[in-house]
1. Residue check, residue 321 against (1) within 23 Å of residue 194 (Cα to Cα); (2) touching a Lys or Arg at 6+ places or on another chain (Cβ under 7 Å); (3) crowded, with 17+ Cβ neighbours inside 10 Å, all met but one. Which one?
2. With a cut-off of at least 1 residues that are small (Gly, Ala, Ser) and surrounded by fewer than 16 Cβ atoms within 10 Å (Cβ to Cβ), name the strands (runs of 3 or more DSSP E) lying wholly within segment 331-400.
3. Just to be sure I understand the filter: pairs with C-beta atoms under 6 Å, separated by 6 or more residues or on different chains, first member in segment 288-303 and of a type in the set (Ser, Thr, Tyr), second member part of a helix (DSSP H, G or I) and open to solvent by 40 Å² or more (accessible area, probe 1.4 Å). Which pairs pass?
4. Which is more than 30 Å from residue 354 (Cβ to Cβ), among the small types (Gly, Ala, Ser) and at pLDDT 95 or above, of 135, 185, 146, 217?
5. Let me spell it out: the conditions are (1) under 28 Å from residue 269 (Cβ atoms); (2) among the hydrophobic types (A, V, I, L, M, F, W, C); (3) modelled with pLDDT under 95, and residue 153 meets all of them except one. Which number is the exception?
6. Could you tell me whether residue 328 is more than 28 Å from residue 488 (Cα to Cα), in contact with a His (Cβ under 9 Å, 6 or more places away or on another chain) and either in a loop (DSSP other than H, G, I, E, B) or open to solvent by less than 50 Å² (accessible area, probe 1.4 Å) (or both)?
7. When residue 109 is evaluated against the numbered criteria (1) touching a Leu at 6+ places or on another chain (Cβ under 6 Å); (2) on the phi < 0 side of the Ramachandran plot; (3) in contact (Cβ under 8 Å) with a residue 40 or more places away in the chain, which criterion, by number, is the only one it fails?
8. Which residue is nearest to residue 405 (Cα to Cα), if the candidates are limited to segment 489-499 and must be open to solvent by less than 20 Å² (accessible area, probe 1.4 Å) and either outside any loop (DSSP other than H, G, I, E, B) or of a type in the set (A, V, I, L, M) (or both)?
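The values are calculated or read from the model by the stated rules, or taken from the named source; none is laboratory data. A quick note: this is a predicted structure, and the numbers were derived from the prediction, not measured. Here the Cβ positions follow ideal geometry from the backbone for every residue, glycine too, while neighbour counts run over all protein chains shown. Only protein heavy atoms, including side chains, enter the accessible area calculation; ligands, DNA and RNA are left aside. Shrake-Rupley method; radii C 1.70, N 1.55, O 1.52, S 1.80 Å.
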Amino acid sequence: MKLVPLLALSLALVATFCVAKSPYQSVLQHSRIRGRQHGPNVCAMQKIQGTDKKYFTNCKQWYHRKICGKPTVISYECCPGYEKIPGEKGCPAALPLVNIFNTLGVVGATTTQMYSDRAKLKDEIEGPGSFTFFAPSNDAWAALPAEILDALVSNVNIELLNALHYHMVNRRLTAEDLRHGSSFASMYQDFHVHIHHYANGIVTVNCARLIKTDQHATNGIVHVVDRVITAISNNVHTFIDTDDDLETLRTAIAAAGLTTMLESDGHYTVFAPTNEAFEKIPPETLNRILGDPVALKDLLNYHILKHMQCAESVVSGTPMETLQGTVLEVGCEGDHMTLNGKAIITKKDQLGTNGVVHYINELLIPDSAKTLLELAEGSSVSTATKMLVDAGLSSHLTGSEALTLLAPLDDAFKGSLTMTGEMRKLMTNHIVKEQLSSKALYHGQELETLGGIKLRVFVYRNNLCIENACIAAHDKTGRFASMFTVDKVLTPPMGTVMDVLKADDRFSLLVGAIQTAGMTELMNQQGALTVFAPTNNAFNALPKPELNKLMRNRQELAGVLKFHMGEGMLVSGGVGSHSRLRPLQGDKLELGMRNYTVYVNKVPVVDADLMATNGIVHAVNIIVKPLPPKVDREQADGPAGTASSSRPDSRSFRNEDLFQKVMKSRSSRTMTRNQ
């Protein structure tokens, strides 16, 4: 019989603990935890140095000790609803409940208390009822322009009373009742006040921040706010429609068909470019966008957030999604609200019934409204941009063709940048004939360039590469074309592996060895090879007798050469930790990357990514040998000396006779030196 009540009590406790706390409750709880060492009901507050602005502290602010980029100092104060008792630690006493008028004095809103008396509101907020009063702080009244304050107090029976009634709701509302997105009819002609909660614990009413909450009274509750709020009756579009400083924006909104949306219910944030902002844009760019309905709509939607963001809710930079689908970094620097790190907001918190407007003096152009040239000019590829223009490709960069630009980073360019015919051809091959997304690329895909050649796509676990160049940044998707930022200047394939080797004097001995071993056809046939090509220096480093014996034995020579050739194509950008390749003969090749250098079985690659139609050539100055068993299990990056001093593993050569002969030759030389 006793089990049922006990079970009910347990379920009730579980339900209580499972109720999600609001961000405000969470930040208040954090302030309590940080302040409890100073006694009961003490909250830690963060005050911006040089100002009177105070905030309950969340974890991020506590550890960073900054708000809006400015340093803060910690103070410890009584949590809402409590007060100190002389001689006792902390704030052990609950504030005695008095009526709202007297509570205004208790919480320090003495100017609001004075104006309530002057407006004949005192009797109402001392008497019966249940009210919520959003009471402006003394600083809030002092911040009002003199002409507005004079207008309010000049006719106390009407304007001031109306203003104070707009700060009141005819029922008790705690901070918990002030839910995000809610609105409540005020006591001034039922005009609504609008509530917003933010993830950092800040609560606003008509964009005024609640700085002291839940100050209970016998006939209601008081929340102190940081500004005097005014009644709003028009939507965001009406606000824009009546301001001459937003005339160009108004015209653009009508042309893009966004009027209905900005008149509808919602919680929008509009970063409204002024006429001056539009005038800063080059006329040809502005005319192009204004004449393109798709680009214009993207441009305007990039200035609109999906939610309402009051200035007082921002305490650090945060990425926020726009209606256009990408994000803006909305932040602050001191008293200035910033966009993408720039203090371009000139007027804040112009409130409408369905959102808020912030004026900006620079136009924000999203990538989706830009030409290929504009995408490049806004990125860290200035050298590539100049080279493309010098190559006479401007018409492709500014037109409406569906293209993809492969733009190398500035530091990818080495040596002379003189615009020769060969360089012009190379830059033409950095533009692909269709608009692509890197997310849709697949291994083995071929991309045709404006120059008429085919580029291959290589997909690796750690990278996505087009020929030797790997993608180094997120795609930029423009109006008609896209841009991939890549880490290297492309070297398109210019022949087979054998052609590449023959064209480079460093490989003359290797070419001869391949011909001697009867492997010329292998180097020319279709396929996918990764060749670690020994240079003449590598062959010359071998003792003369050993080299001569090797070159005279065709089968043994083929075995050594095939150990330098891996199955599949691996560019340097695809090498990660513990990468492996299976050689055409032998066990395996271990690869690694250190200090931007590829190592194969501890041997450094001295020149990577020589691209061929049927493979990739990487030059090495040391003959690659199998790793001993212990090293074989480790990542094969490191100095070549380690590899050359290690004994080769005979099991990695299928032709064990070759291994035995090499080792016997070395042993005899060692004995001769010792004698």
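1. Condition (3) is where residue 321 drops out.
2. In segment 331-400, there are no strands (runs of 3 or more DSSP E) which contain 1 or more residues that are small (Gly, Ala, Ser) and surrounded by fewer than 16 Cβ atoms within 10 Å (Cβ to Cβ).
3. Between residues of segment 288-303 that are of a type in the set (Ser, Thr, Tyr) and residues that are part of a helix (DSSP H, G or I) and open to solvent by 40 Å² or more (accessible area, probe 1.4 Å), there is no close pair.
4. Exactly one of 135, 185, 146, 217 is more than 30 Å from residue 354 (Cβ to Cβ), among the small types (Gly, Ala, Ser) and at pLDDT 95 or above, namely 217.
5. Going through the list (1) under 28 Å from residue 269 (Cβ atoms); (2) among the hydrophobic types (A, V, I, L, M, F, W, C); (3) modelled with pLDDT under 95, residue 153 breaks only (1).
6. Criteria met by residue 328.
7. (1)
8. 490
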